[in-house]
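A short worksheet on the structure shown next.
The values are calculated or read from the model by the stated rules, or taken from the named source; none is laboratory data. Here the structure is a predicted model, which is why all the values come from computation and not from measurement. Every residue, glycine as well, gets a Cβ built from its backbone with ideal geometry; the counts of neighbours run over all protein chains shown. Note: areas computed on protein heavy atoms with side chains; ligands, DNA, RNA excluded. Shrake-Rupley method; radii C 1.70, N 1.55, O 1.52, S 1.80 Å.
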Amino acid sequence: MSDAVRAADDETGRRRSRSPVLLSVGIGCYVLAVIAGMYVLADHTGLVVQIPLWAVHAVLLVLLIRRLGAKESSTYAALTVVILSAMSMVVADLARDDLTLQQRGEQVAVTVVSERLDPAEGRKGRHSYYTLEHEDGTRVPGPEMETTSDLYDVGQELTVVEDPEGELRPRTPGEADATGEALGSGALALGALGSVAWMTWRGSDAARRRDERGKQGPGAGKKAYKAVVGDHSTREEQEEKLREALRTHPADRRGYIKVLPEEYPDLTHGRAARVAWETGLKAEAVGNRGSWRFKETVIEAVPHD
């Protein structure tokens, strides 16, 4: 190979490696923007609006992640990112009242003057609600203080953080600390970004393997396999062998029929999916671990040739 050709290949490789990284950064920024936007929106809209927006977000993520190169796992990865993003938003929303109370609340000494419990509903836990009064006898503004168990008694003195505007429930200083929720929300958001990074690596690795196969020439791997095992069957014979396997092989405990792609060296995964489609099955695109798996209903189907 001449120096000019080698330099051209190196430059092409650098451009390819740079492009997925920029796309990955863009997808990561988009994911964070969605989490922040849905956090703000959650205070003004209900699930009727939020669920369709998350669905649209999932579709856009599938399209973006496919451009990273790992198309077979794009749907699974997009769902993972959406679930982690939604959980991050929910945990952040749980901390919203605590953060607000920390910003504008005031610590005061109070006395518990009455207590009530939720009505009993089967095995559901019963929350306790406490009416609080200041030392001068005035009632603490806002809703009653709520706990998930019976922690306090009537007449007990406490220090709580109250909302001067009377919109939020009073809470003890320890309960009003949103550090745990903030860290949990951040960890879930990092998990979503980690999924994007993982798909970027998978896409780059798939592109590298395609480049290596291209340099070896078309059919090099298939010819090498045939030479080693002495397989001289034609493509049509391999298709008929696959049809027979799909009709006769027993399914595993999850209902999949598994075959080894090495036994069908002249068939692509897409062509195998076509053969399976003709027999009433679909080819699974995710979680194959070196095998081809077929079933009537799959998580993500391989497009057939």
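Here are a few things to note about the model shown:
- Looking across 134, 127, one residue alone is farther than 18 Å from residue 175 by Cα, of a type outside the set (S, T, N, Q) and in contact with a strand residue (DSSP E or B) (Cβ under 9 Å, 6 or more places away or on another chain). It is 134.
- The residue that is surrounded by the most Cβ atoms within 10 Å (Cβ to Cβ), counting only those in region 110-150 that are under 20 Å from residue 165 (Cβ atoms) and hydrophobic (A, V, I, L, M, F, W, C), is 145.
- There is at least one residue in region 158-165 that is hydroxyl-bearing (Ser, Thr, Tyr), more than 21 Å from the chain's Cα centre (by Cα) and at pLDDT 90 or above.
Matching residues to (1) touching a helix residue (DSSP H, G or I) at 6+ places or on another chain (Cβ under 7 Å); (2) modelled with pLDDT under 90; (3) under 30 Å from residue 20 (Cα atoms):
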{"position": "204", "(1), (2), (3)": "yes, yes, yes"}
{"position": "228", "(1), (2), (3)": "no, yes, no"}
{"position": "243", "(1), (2), (3)": "yes, no, no"}
{"position": "257", "(1), (2), (3)": "yes, no, no"}
{"position": "260", "(1), (2), (3)": "no, no, no"}
{"position": "264", "(1), (2), (3)": "yes, no, no"}
{"position": "274", "(1), (2), (3)": "no, no, no"}
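- Any chance residue 79 is open to solvent by 80 Å² or more (accessible area, probe 1.4 Å) and aliphatic (A, V, I, L, M): yes
- Tallying residues that are under 21 Å from residue 297 (Cβ atoms), of a type outside the set (A, V, I, L, M, F, W, C) and surrounded by fewer than 17 Cβ atoms within 10 Å (Cβ to Cβ) within region 250-273 yields 6.
- Counting the residues of region 289-300 that are open to solvent by 50 Å² or more (accessible area, probe 1.4 Å) and more than 19 Å from the chain's Cα centre (by Cα) gives 5.
- Residue ID - surrounded by the fewest Cβ atoms within 10 Å (Cβ to Cβ), chosen from residues in region 151-182 that are part of a loop (DSSP other than H, G, I, E, B) and acidic (Asp, Glu): 153
- Flag for residue 286 being touching a residue at least 60 places away in the same chain (Cβ under 8 Å) and under 29 Å from the mean Cα position of the chain (by Cα): yes
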